[in-house]
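Engineer: One structure, as C-alpha coordinates, below. Some questions next.
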Amino acid sequence: MVEHNAPTATREAYDAAASTYAQLFRDSLRDSPLDRAALGVFAEAVSAHGGGQVADLGCGPGHITAYLNELGLAAFGVDVSPAMIELARQACPDLRFDVGSMAALDITDGELGGVLSRWSIIHTPPQDVPAVLAEFHRVLAPGGHLLIGFSASEGPSCPTQIFDHAVAPAYRWWPDHLAGLLRTAGLAEVARMVREPQPTDRRQFREVHLLARKV
Ligand SMILES: C[S@@+](CC[C@H](N)C(=O)[O-])C[C@H]1O[C@@H](n2cnc3c(N)ncnc32)[C@H](O)[C@@H]1O
(Lines give C-alpha, C1' and ligand atoms only; values in the text may rest on other atoms or scores of the structure.)
Protein backbone atom coordinates (compact mmCIF):
# COMPACT_ATOMS: atom_id res chain seq x y z
CA MET A 1 0.00 0.00 0.00
CA VAL A 2 1.32 3.45 -0.91
CA GLU A 3 0.13 4.95 2.39
CA HIS A 4 1.91 2.31 4.45
CA ASN A 5 5.18 2.63 2.53
CA ALA A 6 5.20 6.40 2.23
CA PRO A 7 7.34 7.17 5.35
CA THR A 8 9.85 4.46 4.41
CA ALA A 9 10.06 5.70 0.84
CA THR A 10 10.48 9.28 2.08
CA ARG A 11 13.23 8.23 4.49
CA GLU A 12 15.11 6.30 1.81
CA ALA A 13 14.77 9.12 -0.70
CA TYR A 14 16.06 11.76 1.75
CA ASP A 15 18.86 9.47 2.93
CA ALA A 16 20.04 9.27 -0.69
CA ALA A 17 19.63 13.02 -1.31
CA ALA A 18 20.81 14.32 2.08
CA SER A 19 24.21 15.77 1.20
CA THR A 20 22.96 17.36 -2.05
CA TYR A 21 19.96 18.83 -0.21
CA ALA A 22 22.21 20.22 2.53
CA GLN A 23 24.51 21.89 -0.02
CA LEU A 24 21.57 23.42 -1.89
CA PHE A 25 19.58 24.68 1.08
CA ARG A 26 21.92 25.20 4.02
CA ASP A 27 22.29 28.94 3.25
CA SER A 28 18.83 29.42 1.74
CA LEU A 29 17.55 31.68 4.51
CA ARG A 30 20.20 34.27 3.63
CA ASP A 31 18.31 35.11 0.42
CA SER A 32 14.79 34.70 1.88
CA PRO A 33 13.81 37.73 3.94
CA LEU A 34 10.14 36.69 4.01
CA ASP A 35 11.05 33.27 5.40
CA ARG A 36 13.20 34.95 8.04
CA ALA A 37 10.26 37.23 8.85
CA ALA A 38 7.88 34.28 9.30
CA LEU A 39 10.38 32.50 11.54
CA GLY A 40 10.93 35.73 13.49
CA VAL A 41 7.21 36.17 14.14
CA PHE A 42 7.00 32.51 15.22
CA ALA A 43 9.94 32.96 17.61
CA GLU A 44 8.39 36.08 19.13
CA ALA A 45 5.01 34.37 19.55
CA VAL A 46 6.59 31.36 21.29
CA SER A 47 8.70 33.58 23.56
CA ALA A 48 5.75 35.83 24.42
CA HIS A 49 3.81 32.79 25.61
CA GLY A 50 6.50 31.54 27.98
CA GLY A 51 9.01 29.98 25.56
CA GLY A 52 9.79 26.35 26.28
CA GLN A 53 11.15 23.66 24.01
CA VAL A 54 10.54 23.96 20.28
CA ALA A 55 10.63 21.03 17.86
CA ASP A 56 11.65 21.52 14.22
CA LEU A 57 9.85 18.52 12.71
CA GLY A 58 11.30 17.32 9.42
CA CYS A 59 14.38 19.42 10.19
CA GLY A 60 16.50 18.16 7.29
CA PRO A 61 20.16 19.20 7.69
CA GLY A 62 19.33 21.38 10.71
CA HIS A 63 19.92 24.86 9.27
CA ILE A 64 16.50 26.13 10.36
CA THR A 65 16.86 24.53 13.81
CA ALA A 66 20.11 26.46 14.17
CA TYR A 67 18.41 29.70 13.07
CA LEU A 68 15.63 29.22 15.65
CA ASN A 69 18.33 28.89 18.32
CA GLU A 70 19.96 32.09 17.04
CA LEU A 71 16.55 33.74 17.55
CA GLY A 72 16.66 32.68 21.20
CA LEU A 73 14.48 29.58 21.10
CA ALA A 74 15.41 26.25 22.72
CA ALA A 75 14.93 24.33 19.49
CA PHE A 76 15.80 20.76 18.61
CA GLY A 77 15.30 18.85 15.36
CA VAL A 78 13.55 15.61 14.43
CA ASP A 79 13.75 13.95 11.02
CA VAL A 80 12.79 10.56 9.62
CA SER A 81 16.05 10.43 7.63
CA PRO A 82 19.09 9.22 9.63
CA ALA A 83 21.40 10.70 6.98
CA MET A 84 19.83 14.14 7.44
CA ILE A 85 20.17 13.84 11.23
CA GLU A 86 23.82 12.87 10.87
CA LEU A 87 24.49 15.98 8.73
CA ALA A 88 22.60 18.16 11.22
CA ARG A 89 24.65 16.80 14.13
CA GLN A 90 27.89 17.41 12.22
CA ALA A 91 26.87 20.98 11.35
CA CYS A 92 25.55 21.84 14.82
CA PRO A 93 27.24 19.59 17.40
CA ASP A 94 25.84 21.61 20.32
CA LEU A 95 22.20 21.10 19.31
CA ARG A 96 19.91 18.11 19.78
CA PHE A 97 18.76 16.15 16.73
CA ASP A 98 16.70 12.96 16.91
CA VAL A 99 15.69 10.42 14.26
CA GLY A 100 11.92 10.05 14.39
CA SER A 101 8.63 10.40 12.59
CA MET A 102 6.39 13.38 13.15
CA ALA A 103 3.43 10.97 12.94
CA ALA A 104 4.49 9.33 16.23
CA LEU A 105 6.69 11.62 18.28
CA ASP A 106 8.65 10.49 21.31
CA ILE A 107 7.55 13.65 23.14
CA THR A 108 5.30 13.94 26.20
CA ASP A 109 1.83 15.51 25.93
CA GLY A 110 1.98 19.31 26.21
CA GLU A 111 5.79 19.41 26.44
CA LEU A 112 6.48 22.00 23.72
CA GLY A 113 6.09 25.75 23.45
CA GLY A 114 6.39 25.56 19.68
CA VAL A 115 6.35 23.26 16.67
CA LEU A 116 7.84 24.13 13.29
CA SER A 117 6.94 22.01 10.28
CA ARG A 118 8.57 23.64 7.29
CA TRP A 119 7.92 21.85 3.99
CA SER A 120 7.80 18.51 5.83
CA ILE A 121 4.09 17.63 5.82
CA ILE A 122 4.26 17.95 2.02
CA HIS A 123 5.48 14.35 1.90
CA THR A 124 2.62 12.98 4.01
CA PRO A 125 -0.26 11.56 1.94
CA PRO A 126 -3.24 13.92 2.45
CA GLN A 127 -5.39 11.25 4.13
CA ASP A 128 -2.70 10.88 6.83
CA VAL A 129 -2.25 14.61 7.52
CA PRO A 130 -5.12 14.94 10.09
CA ALA A 131 -3.35 12.36 12.30
CA VAL A 132 -0.07 14.29 12.00
CA LEU A 133 -1.82 17.54 12.96
CA ALA A 134 -3.37 15.75 15.95
CA GLU A 135 0.17 14.75 16.96
CA PHE A 136 1.33 18.40 16.70
CA HIS A 137 -1.62 19.38 18.93
CA ARG A 138 -0.82 16.63 21.45
CA VAL A 139 2.81 17.70 22.01
CA LEU A 140 2.07 21.45 22.23
CA ALA A 141 1.33 23.10 25.55
CA PRO A 142 -1.94 25.08 25.71
CA GLY A 143 -1.22 28.42 23.98
CA GLY A 144 1.77 26.88 22.17
CA HIS A 145 2.38 27.89 18.54
CA LEU A 146 2.71 25.95 15.31
CA LEU A 147 4.33 27.39 12.17
CA ILE A 148 3.65 25.27 9.12
CA GLY A 149 5.23 25.96 5.72
CA PHE A 150 4.01 24.46 2.45
CA SER A 151 3.34 25.20 -1.22
CA ALA A 152 -0.15 26.25 -2.25
CA SER A 153 -2.27 24.30 -4.71
CA GLU A 154 -3.78 25.99 -7.77
CA GLY A 155 -7.05 27.05 -6.14
CA PRO A 156 -9.94 26.07 -3.86
CA SER A 157 -11.09 23.44 -6.35
CA CYS A 158 -7.77 21.61 -5.67
CA PRO A 159 -7.69 21.16 -1.87
CA THR A 160 -4.61 18.98 -2.38
CA GLN A 161 -2.49 18.42 -5.47
CA ILE A 162 0.42 16.04 -5.99
CA PHE A 163 3.52 17.51 -7.61
CA ASP A 164 6.82 16.18 -8.91
CA HIS A 165 9.15 17.07 -6.07
CA ALA A 166 12.80 16.27 -6.86
CA VAL A 167 13.24 13.93 -3.86
CA ALA A 168 9.94 12.24 -2.98
CA PRO A 169 6.25 12.42 -3.89
CA ALA A 170 4.79 15.61 -2.43
CA TYR A 171 1.50 17.44 -2.11
CA ARG A 172 0.47 21.08 -2.35
CA TRP A 173 -2.41 22.33 -0.22
CA TRP A 174 -5.02 25.02 -0.62
CA PRO A 175 -4.32 27.22 2.43
CA ASP A 176 -7.97 27.50 3.56
CA HIS A 177 -8.30 23.72 3.40
CA LEU A 178 -5.24 23.13 5.55
CA ALA A 179 -6.34 25.90 7.94
CA GLY A 180 -9.67 24.06 8.28
CA LEU A 181 -7.89 20.82 9.18
CA LEU A 182 -5.77 22.72 11.71
CA ARG A 183 -8.95 24.15 13.28
CA THR A 184 -10.45 20.66 13.50
CA ALA A 185 -7.27 19.51 15.26
CA GLY A 186 -7.62 22.30 17.84
CA LEU A 187 -5.09 24.66 16.27
CA ALA A 188 -6.57 28.09 15.55
CA GLU A 189 -5.04 30.19 12.78
CA VAL A 190 -3.30 33.34 14.02
CA ALA A 191 -1.85 34.62 10.75
CA ARG A 192 -0.68 33.54 7.32
CA MET A 193 1.92 34.79 4.88
CA VAL A 194 1.63 34.02 1.16
CA ARG A 195 4.62 34.67 -1.07
CA GLU A 196 3.86 35.02 -4.76
CA PRO A 197 6.12 33.07 -7.16
CA GLN A 198 9.01 35.11 -8.55
CA PRO A 199 10.35 34.81 -12.12
CA THR A 200 13.60 33.30 -10.81
CA ASP A 201 11.83 30.58 -8.78
CA ARG A 202 12.36 27.03 -9.99
CA ARG A 203 8.70 26.22 -9.32
CA GLN A 204 5.93 28.74 -9.92
CA PHE A 205 4.05 27.96 -6.69
CA ARG A 206 2.80 30.28 -3.98
CA GLU A 207 4.65 29.57 -0.73
CA VAL A 208 2.60 29.71 2.45
CA HIS A 209 3.44 30.01 6.14
CA LEU A 210 0.49 29.45 8.50
CA LEU A 211 0.88 30.39 12.16
CA ALA A 212 -1.58 28.70 14.53
CA ARG A 213 -2.05 28.44 18.27
CA LYS A 214 -3.25 25.51 20.36
CA VAL A 215 -6.63 26.45 21.84
C1 LIG B 1 11.71 19.45 1.92
S2 LIG B 1 12.65 18.88 3.31
C3 LIG B 1 12.49 20.29 4.40
C4 LIG B 1 13.65 20.37 5.39
C5 LIG B 1 13.61 21.59 6.30
N6 LIG B 1 12.41 21.60 7.12
C7 LIG B 1 13.70 22.88 5.51
O8 LIG B 1 12.85 23.75 5.70
O9 LIG B 1 14.63 23.02 4.70
C10 LIG B 1 11.54 17.72 4.07
C11 LIG B 1 12.16 17.00 5.28
O12 LIG B 1 11.10 16.40 6.02
C13 LIG B 1 11.50 15.11 6.41
N14 LIG B 1 10.27 14.32 6.62
C15 LIG B 1 9.33 14.00 5.71
N16 LIG B 1 8.35 13.28 6.27
C17 LIG B 1 8.69 13.16 7.59
C18 LIG B 1 8.05 12.52 8.70
N19 LIG B 1 6.90 11.86 8.57
N20 LIG B 1 8.65 12.61 9.91
C21 LIG B 1 9.83 13.27 10.05
N22 LIG B 1 10.48 13.87 9.03
C23 LIG B 1 9.91 13.82 7.81
C24 LIG B 1 12.38 14.62 5.27
O25 LIG B 1 13.23 13.55 5.64
C26 LIG B 1 13.13 15.90 4.92
O27 LIG B 1 14.33 16.03 5.66
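Engineer: Given region 20-127, what helices (runs of 4 or more DSSP H) lie entirely inside it while holding 1 or more residues that are among the hydrophobic types (A, V, I, L, M, F, W, C), surrounded by fewer than 17 Cβ atoms within 10 Å (Cβ to Cβ) and modelled with pLDDT of 95 or more?
Structural biologist: 33-48, 82-91
Engineer: Please determine, by comparing only the residues of region 84-126 that are of a type in the set (G, A, S) and closer than 23 Å to A166 by Cα, which one is farthest from the ligand (Cβ to nearest atom).
Structural biologist: Step by step, filter region 84-126, then rank; the result is A88.
Engineer: Could you tell me which numbered condition E44 fails, if it satisfies all but one of (1) in contact with a helix residue (DSSP H, G or I) (Cβ under 9 Å, 6 or more places away or on another chain); (2) among the charged types (D, E, K, R); (3) closer than 22 Å to A191 by Cβ?
Structural biologist: (1)
Engineer: Go over the candidates R183, R202, R192, R138 one by one and state the one that is open to solvent by 40 Å² or more (accessible area, probe 1.4 Å), of a type outside the set (G, A, S), in a helix (DSSP H, G or I) and free of Cβ contacts under 8 Å to residues at least 24 places away in the same chain.
Structural biologist: R183
Engineer: Scan region 53-66 and give yes if some residue there is of a type in the set (A, V, I, L, M), more than 12 Å from the ligand (Cβ to nearest atom) and touching a residue at least 60 places away in the same chain (Cβ under 8 Å), otherwise no.
Structural biologist: Checked region 53-66: at least one residue is of a type in the set (A, V, I, L, M), more than 12 Å from the ligand (Cβ to nearest atom) and touching a residue at least 60 places away in the same chain (Cβ under 8 Å).
Engineer: Next question. Against the definition (open to solvent by 60 Å² or more (accessible area, probe 1.4 Å), over 14 Å from the mean Cα position of the chain (by Cα), within 11 Å of the ligand (Cβ to nearest atom) and within 20 Å of D56 (Cα to Cα)), how does A166 come out, yes or no?
Structural biologist: Judged against the criteria, A166 is not a match.
This table checks each residue for (1) within 25 Å of L182 (Cβ to Cβ); (2) among the β-branched types (V, I, T).
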position: T20; (1), (2): no, yes
position: R26; (1), (2): no, no
position: D31; (1), (2): no, no
position: C59; (1), (2): yes, no
position: G100; (1), (2): yes, no
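Engineer: Filter region 23-35 for residues that are over 23 Å from Q90 (Cα atoms) and more than 11 Å from the ligand (Cβ to nearest atom) and give the result.
Structural biologist: Passing the criteria: D31, P33, L34.
Engineer: Still on this structure, please answer the following. Show the residue pairs meeting these rules: Cβ distance below 6 Å; 6+ apart or different chains; first residue within region 159-178 and on the phi < 0 side of the Ramachandran plot; second residue open to solvent by less than 70 Å² (accessible area, probe 1.4 Å) and of a type in the set (V, I, T).
Structural biologist: These pairs meet every condition: A168/T10; A170/I122; Y171/I122; Y171/T160; W173/T160; P175/V208.
The values are calculated or read from the model by the stated rules, or taken from the named source; none is laboratory data. All values reported here derive from a predicted model rather than from experimental measurement. Here the Cβ is made from the backbone with ideal geometry for all residues, glycine too, and neighbour counts use every protein chain on show. For accessibility, only protein heavy atoms count, side chains too; no ligands or nucleic acids. Shrake-Rupley method; radii C 1.70, N 1.55, O 1.52, S 1.80 Å.
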